[in-house]
Amino acid sequence: MTRHPLPLHMPGWRLCAHVGQAAPPAHWREALAQMLGHRPRRLGEWTELALYGALGCLQAAGETQLPPAARLRLLSRGGPAQAQREALAQWQEDLPMPFTFMQSQPAITLAALAQGLGWQGDAAFLAMRGEGPAALTALGLAGAADAGLLLGRVEAGPDGLRSEWWRWVRQ
């Protein structure tokens, strides 16, 4: 997989925090439960990984919740692919189970992020193929309010788990 580096400088913007360059630590799910104050229920691994990274990035930025005017962008090459494969396998037998089907939808992750971040606002999931995070960062910041952008890239696939997040605010 080609790694597209994210620029640490975007004209007019300041990078407040960047977390998650490597695979998450062994006990990341326990850390997520501590950050939330409870164990997440009925969320798939991909969604939990997104929550773990987003909450960690906000903590690193010194924020307790995402400001209402901030944008949220979630990037992935594969999205919740494991849940999608499980739903397709269940479809061959009968109809997929509702929980499995729901976890195969990236929009569920956006809803879980909004709840976990105590936020509602402009959120989007972007399936990335050719464009790297740098181009998508510029797109996310274009026209953004002073509260800026929380940008995350989450992958759960054959190369392992990865959750990388950036918090940008206007200078």
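The values are calculated or read from the model by the stated rules, or taken from the named source; none is laboratory data. It should be emphasised that the depicted structure is a prediction, and the values quoted were computed from it without experimental measurement. When the accessible area is computed, the model is the full protein with side chains, heavy atoms only, and any ligands, DNA or RNA have been set aside. Shrake-Rupley method; radii C 1.70, N 1.55, O 1.52, S 1.80 Å.
Taking all protein chains together, LEU149, LEU136, LEU161 sort by accessible area into LEU161, LEU136, LEU149, largest first [probe 1.4 Å]. Full extension of the segment from ASP94 to LEU36, taken as 0.36 nm per residue of separation minus the current Cα-Cα distance, would add 17.4 nm.
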